[in-house]
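None of the figures in this text is laboratory data; all of them are computed from the coordinates on show. No experiment lies behind these values; they were computed from the predicted model shown. Cβ sites come from the backbone with ideal geometry, for glycine too, and all protein chains shown count toward neighbours.
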């Protein structure tokens, strides 16, 4: 019977299924990308056939691990080692791909044996040595997406390479990247004489403990791990998985509220039917299970549709980008199981209240029910029939307002966070008296920026420049807390460091010293004179500082040279802060730097954050989230307004028979829909405040969490809410105008 009930209202059922399916598709598609990254790391590490891996301790990810290449000479001399291979991993911008993974290996590395060359020649071949340009091996998936073949040229960041071969491993992540010779990878990633890890094969597994003790004794600043242990320490895929659940959770929450609204509408609409069932002997529990079965059926249908939609989405992504090795092969049984569990739980939660309400209906009262039209209407001094109609259906109106509010609130909160980050970065760049900021050109992420100090010297020699300061930023994992330590690098004698307000101790004066942010010093219980270990590097705390930029206190400042050594980029900086002699001519200096030095990108300090690739990527991600949320919220509003039109068919027939034209009917329905949107927008603003408040109570970072509320944020929130109301009300309003008076009056 419950299936028959669903098919009686095909449009409502289809719209509810559509809303749920979008949320499930987001979980399936994005989750598969996260799983692909995790599986790619697992395949790469286990496929190495290594017994142990030597890396920098507590690094955020293998891509950020830095080990001096000369360590390899010491390792090779150890009697326990059978084979040794270094590897350098990183990501760069390739053609139109913002995040393209590259792997650097020695030409005689035993790791290269697992890469099957399906076209062209390997790196150790004569063809590679005689190639016109630096040779590169391209993964089969990357070659297909980028439309590259053997002999083609390929641009990575600002360098050009020649494709000498196409390889295949069977792993989507590795097949979506490229392999370079070690020296070429080091030059491309700005890490001369540095590698990410050493893969180690032992002569005999029985020698493992002896070898580990030898390494711990001779190389205490490095970390030796088993393959599985090292894989478990990679946090990039975990963070990406967290983002997936936040985005997917938002979609499911919006869809779930819409689902509850649809089920409540079904109960109200079928009140007399439920009364008949109760009068012929149906128990309360039987009615409850009937409504719950309908709810679960809709959610399962939405889940299955979402799985199919997610598969199609991922297939389309895999054909247009190589991001994280996106592939339908990453959709595993675990992802499908998670999606189905989510929709079953949502079906139970969203259907429980409507089912309970249906089970509480008394037979006599239910049989007397007239669809709410017979109740006494309360007249309001403002708003007319639109307000009266929404008030007559309070529960449905409130749930629809909630759907719009969650949609608008989430978007507003994200936008406020992004604006706060931009404001902090702008304050950071401008507070030191710098008028110009410089980063490397053609990079997809500021963390990849590596400007040679010799270029800085040339810029500093310009007559318009008064002073220059190098700036470096790195992140370090704190294993005890699982949090991050933000490491900032400044020259102790350069002007930019003077903006840090020392509240205890003294300013930074030399290498191997650190000044700690006050919040980090409190969290780590460190004071002046203590020492601190960060990924094997030891620093002495000489001062404690406070900053107007909240996140700067979640780390510390060391010398520029210390950070360069720490991240393996000697004589390179992330950014330059430039002060000019005549600030009024700063724009002219920016144009001159960009023209004279094409390898860098200069901009005014106040505009630098807006032009950072990180924020461009964040804005793109926020736009994607917004479109998804608006679509799901719009489906919910559309469902509500359609049901309002169905329920008021006879009322509309009366109005048409009294002389109301189609335009008047259209305006009435649209006013109701827009009023719902406006009320939802107002609720969304309060929900945004609540979300920010929840984020501010997070441990450690919550106290320093800030959001910038600008009038544009609120204006955009109201605009989105009205758009939801308009999109959701347009078709129902049109449908209402097509009703013929005689047919509408006969509607039951």
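Things worth noting here:
- Relative contact order (percent, whole number), the range 442-598, Cα cutoff 8 Å, 6+ residue spacing: 32
- Orientation-averaged projected area, Cα convex hull of the chain (nm²): 39.9
- For the range 52-225, relative contact order (Cα pairs under 8 Å, six or more residues apart, normalised by length) works out to 35 percent.
- Going from the fewest other Cβ atoms within 10 Å to the most, the residues 214, 286, 671 appear in the order 286, 214, 671.
- Between residue 333 and residue 627, the contour length at 0.36 nm per residue exceeds the Cα-Cα span by 103.0 nm.
- For a modelled paramagnetic label at residue 246, 7 Å from Cα along Cα-to-Cβ, the residues of the range 409-429 in reach, with backbone nitrogen under 20 Å, are 409-426.
- Global form of the range 563-713, assessed from the alpha-carbon gyration tensor, a/c cut-off 1.5: prolate
- Taking a point 7 Å from the Cα of residue 548 along the Cα-to-Cβ direction, none of the residues of the range 483-500 has its backbone N closer than 11 Å to it.
- The DSSP beta bridges internal to the chain are antiparallel in roughly 80% of cases.
- Packing-based exposure ordering (other Cβ within 10 Å, fewest first) of 554, 292: 554, 292
- Acute angle (nearest 10 degrees) that the helix 394-430 long axis makes with the longest principal axis of the chain, alpha-carbon atoms: 20
- Whole-number D in µm²/s for the range 52-225 (Stokes-Einstein; Kirkwood sum over Cα pairs; 37 °C, 0.692 mPa s): 195
- Over the chain, dividing the summed -39,500 (n - 2.57) contributions of all DSSP H runs of at least 4 residues by the number of residues returns a 222 nm mean residue ellipticity of -17500 deg cm²/dmol.
- For the range 113-190, the antiparallel share of DSSP beta bridges with both residues in that region comes to about 65%.
- Measuring between their Cα centroids, the range 85-100 and the range 606-632 lie 23 Å from each other.
- Both radii come from the Cα set of the range 442-598: Rg as radius of gyration, Rh as Kirkwood radius; their ratio Rg/Rh reads 1.00.
- Percent RCO, i.e. relative contact order, over the chain, from Cα pairs under 8 Å lying at least 6 residues apart: 17
- Comparing Cα centroids, the range 26-74 and the range 641-676 end up 61 angstrom apart.
- The alpha carbon gyration tensor of the range 24-93 gives principal lengths a ≥ b ≥ c with a/c of 1.5 or higher and a/b greater than b/c, which makes the shape prolate.
- Shape of the range 81-137, Cα gyration tensor, a/c cut at 1.5: oblate
- Theoretical FRET efficiency, 1/(1+(r/R0)^6), r = Cβ-Cβ of residue 272 and residue 341, R0 35 Å, to 0.05: 0.45
- Approximate spin-label separation residue 349-residue 735, in nm, with each point projected 7 Å along Cα-to-Cβ: 2.8
- In terms of other Cβ atoms within 10 Å, 640, 663 run from fewest to most in the order 663, 640.
- Label positions at residue 209 and residue 126, each projected 7 Å from the Cα along the C-beta direction, are separated by 5.2 nm.
- Here the range 484-499 and the range 707-736 have alpha carbon centers that stand 44 Å from each other.
- Distance in nm between pseudo-label sites at residue 498 and residue 464 (7 Å out along the Cβ direction from Cα): 2.3
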